[in-house]
Amino acid sequence: MINDNIKLKSTCISAVNENISMLNDIYDRVENQSFKRLIKNSCTKHNMLCMHLGININKIRENHGTKILNAVKLKNCTDDKKLAEFVANGCNSSLNSLCHSFNECKGANQKTTEIAQKLIKIEENLASDVRRYL
């Protein structure tokens, strides 16, 4: 169904947008080099999904609403442990939205379904990988 496809794709776009913004916002604050590499690798994976979703990466960087919200949330993130918690919470929030839409949108086309599955896997892996820095 067209509506299922639009809803699932919209959820994916929103999740990618928020997570790229989040990862970019914390990158310079992270001190641990392996944590920094994890963030950079995850950004690369998210950016590749942008291409599949037809998202202009520069538009994500210009999303001032997300940047302001992240700035407020990051105010209390003074070390890598707090930053790791911030990332884990962001991943879990995205996973909740993605899995909810994925399970509801059974009529989405194969391409959108595959993108959603890839994004879910990226978020699950990042949430798991970031735990070592908590």
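Each value in this text was obtained by applying a stated rule to the coordinates, not by laboratory testing. For clarity, every value in this text was computed on a predicted model and none was experimentally measured. Ideal geometry is used to build each Cβ from the backbone, glycine not excepted, and the neighbour counts take in all protein chains shown.
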Expected output is a single nm value to one decimal: the length gained when fully extending between LEU134 and SER34, i.e. 0.36 nm times separation in residues minus the C-alpha distance. What is it? 34.7 nm
Multiply the residue separation of TYR27 and ASN96 by 0.36 nm, subtract the distance between their alpha-carbon atoms, and state the gained length in nm to one decimal. 22.5 nm
So, in nm, how far is label GLN117 from label SER14 when the simple model puts each one 7 Å beyond its Cα toward the Cβ? 2.3
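Could you give me D for the chain, from Stokes-Einstein at 10 °C and 1.306 mPa s, where the hydrodynamic radius is the Kirkwood radius over C-alpha pairs? Units µm² s⁻¹, please.
Taking Rh from Cα pairs, D becomes 106 µm²/s.
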Subtracting the Cα-Cα distance from 0.36 nm times the residue separation, let me have the gained length for ASN76 to GLU104 in nm, one decimal. 6.5 nm
